[in-house]
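Only one structure is covered here, and it is reproduced in the block below.
The values are calculated or read from the model by the stated rules, or taken from the named source; none is laboratory data. Bear in mind that the values here come from a model prediction, so they are computed numbers and not experimental data. As a convention, Cβ positions derive from the backbone with ideal geometry for all residues, glycine included, and neighbour counts pool all protein chains shown. Side chains included, ligands, DNA and RNA excluded: accessible areas come from the protein's heavy atoms. Shrake-Rupley method; radii C 1.70, N 1.55, O 1.52, S 1.80 Å.
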Amino acid sequence: MKRRRMSAECEMDHSYAMPNVNDNSNALLKKIQNVYANKLLNDITLVVGGISYPAHRFMLCISSDVFETMLMNSTWSDSHQEVIELQEVPQCIEVFPVFLQYFYTGVITLEQSNIMPMLVLADKYNVKDLTALCVEYMCEHIADAADQGQLVTWFQYVLSLNQPTTINALYYCKIWQDTECMDIKPPWNKLLKACRNYIKWNLDSCIKCFNTFQCDILVGLLKQSDLVIHDEMQLFGCVASWLNYQSAEKLLECNDPDTIEDYMSSLTEHVMSFIRYPMILPRQMAQLLMVPVVKQNKDFFVDKMAAAMEYNLVKMEKRSDTEHILECTPRLYTCERWGNSFRVRTKTIPNYQSIKRDIVTRSSLFDREREVDEESNWEIEMFLKGMCFGKAMLMSWRGSIELPEVIIKTVRATIKMKLRPEDIGKVARHVRVAILVYAVQNKIVHVVTVVQKVVLFDTNQNLITIDDLMVYDAVNQPTINEDLIHINDTNVSYFMSDRIPLKFHVIITPIIPGLTDTHIGTRIQHVHI
């Protein structure tokens, strides 16, 4: 039997090379459904949560590899039983009748409230087509899951299914990176990447599920430099909230105040060590002193804050240890200090024409009052409608060659450092450039693509070019009655409607060799692609 998904529901799909096949298939399907609905000819009973479900060995075996092994392998004791009791968690007990009915009808309604227990059952009993449908549904509702506080649970569940035999601290760091360190097979790889990048690049919209992070997975996230957040203070607040939640959970399982205090003190120092305190402005440090978790762990935080203040008061531009390289590397901060966002309406742009925006960023990494903090001026140019190179003549000693018109269908971005005449030959900027591209899934706007590049701007190179920033057809193919063109096979598009413009955010942060991490390279990452 082949099943396919239609919108939020799934129905059976048969196709044979013979006359009247659909009529015959539909008649057979109705008979199967009638047998199940009226409990006819059942030869086995499944007991789940104290409730009995009459079933048929044949349907169980052809639908599930696990049931096939249980019922067809004579070495298993269950193969001789007419009544089998299955042990399921409460959430799975609730949806089990719908899960079993799917074996007979091929129809199921998936929604946020039942998707996780349904996926757990599908994976446990190796119902491959239902597993694929659940993963497909989840990929199409990533933004909804974040909005409803479920996305971190999804992410951690997929990780639990694909963990390697040996796990160490490096593993929890690598799971947040766009690497092939884990050999994860379809369809899990697509879901893992979608969950991972959405969390990493839209952390402010994952506040409802932030407290459900497992400690090691959260620490792995805090080590990432391509984490999109307003500033380090906002991230500090998220971690402080997570610690409060862990304290409340510990209180439920332990009534010994001394044990709880020791546990929370150790946990706080472990997790809060990965906050990048030098990236917190000196004027924000005073606010930290009012946070309860800081008051409860004064010695630890005073040391961290004092070390951070050194960077803002004293020149410490050369450090060799990895810890300080991470500590002084800006994340993808969206505050105005490091860049700005802008919106574009593509219908107002003629074909092959570009749009330009100017942004201003700070040139120095730290906020040192004794230094004059110069600003850097940048020109951002977007070619959203492709590029056209007109006819031209190539002149050579052999004669002239006429070159035809060339049209390149690409979405290109250029970043140019703007210099005053007196700065030419004197000013250079070693920076990390990042472009955030926003898209829409189920009316929720979020970052869907991140481009990063480390580059030295100087007189010899004051402009960089990035091609294929976006999916060209999804930007330029006309829509009819707001029937949006999706970026890929999930319901993600660059436009919410014809009235909603595209949104970008450009971030440019300084690089200090020996103090900040430069292991970024050039890459374009997509959430759902």
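Round to the nearest 10 and report in Å² the accessible area of residue 94, as given by a 1.4 Å probe over the protein chains' heavy atoms.
In the full protein context, residue 94 sits at about 150 Å².
Show the residues, 5+ positions off or on another chain, whose built amide H is closer than 5 Å to the amide H of residue 85.
Here the answer is 47, since their amide H atoms fall under 5 Å of that of residue 85.
If a paramagnetic tag sat 7 Å from the Cα of residue 424 along the Cα-Cβ line, which residues of region 438-476 would have the backbone N under 15 Å from that point?
From region 438-476, the list is 458-463.
What does the accessible area of residue 84 come to, in Å² to the nearest 10, when a probe of 1.4 Å is used?
10 Å²
Among the listed pairs 193/356; 250/298; 208/385; 200/503; 185/503, which are separated by more than 29 Å between their Cα atoms?
193/356; 208/385; 185/503
So how do 290, 309 rank on accessible area, 1.4 Å probe, biggest first, that is with the largest at the start?
Putting 290, 309 in descending order of accessible area: 290, 309.
So between residue 101 and residue 357, what do we pick up on full extension, going 0.36 nm a residue minus the alpha carbon distance?
Working it through step by step, the gained length comes to 86.5 nm.
With θ set to phi - 60° and the Karplus curve 6.51 cos²θ - 1.76 cosθ + 1.60, what are the ³J(HN,Hα) couplings of region 46-61 in order, to the nearest whole Hz, using x for Gly and Pro?
Coupling constants for region 46-61: 9, 10, 10, x, x, 10, 8, 10, x, 8, 10, 4, 4, 5, 5, 5 Hz.
Under 5 Å between amide hydrogens, which residues at least 5 positions from residue 108 or on another chain qualify, with H placed 1.01 Å from N in the peptide plane?
It is 10, by chain and number.
Starting from the Cα of residue 79, step 7 Å along the direction of its Cβ; do the same at residue 414; then give the gap between the two resulting points in nm.
7.2 nm
Would you pull out the residues with amide H under 5 Å of residue 492's amide H, same chain only if 5 or more places away, H placed 1.01 Å from N?
487
Give me the number: length gained by fully extending residue 58 to residue 113, i.e. 0.36 nm times residue separation minus the C-alpha to C-alpha distance, one decimal in nm.
16.8 nm
Through the Karplus equation 6.51 cos²θ - 1.76 cosθ + 1.60, θ set to phi - 60°, convert the phi angles of region 450-459 into ³J(HN,Hα) values in whole Hz; use x for Gly and Pro.
10, 10, 10, 7, 9, 8, 9, 8, 8, 4
Subtract the Cα-Cα distance of residue 265 and residue 286 from 0.36 nm times their separation in residues, and report this length gain in nm to one decimal.
Gain on stretching residue 265 to residue 286: 5.4 nm.
Got a sec? What order do 285, 72 fall in by accessible area at 1.4 Å, biggest, i.e. largest, first?
The residues order as 72, 285, largest area first.
Which value, in Å², gives the accessible area per residue of region 403-464 when a 1.4 Å probe is used on the protein heavy atoms?
46 Å²
If a paramagnetic tag sat 7 Å from the Cα of residue 45 along the Cα-Cβ line, which residues of region 52-95 would have the backbone N under 14 Å from that point?
52-56, 81-86
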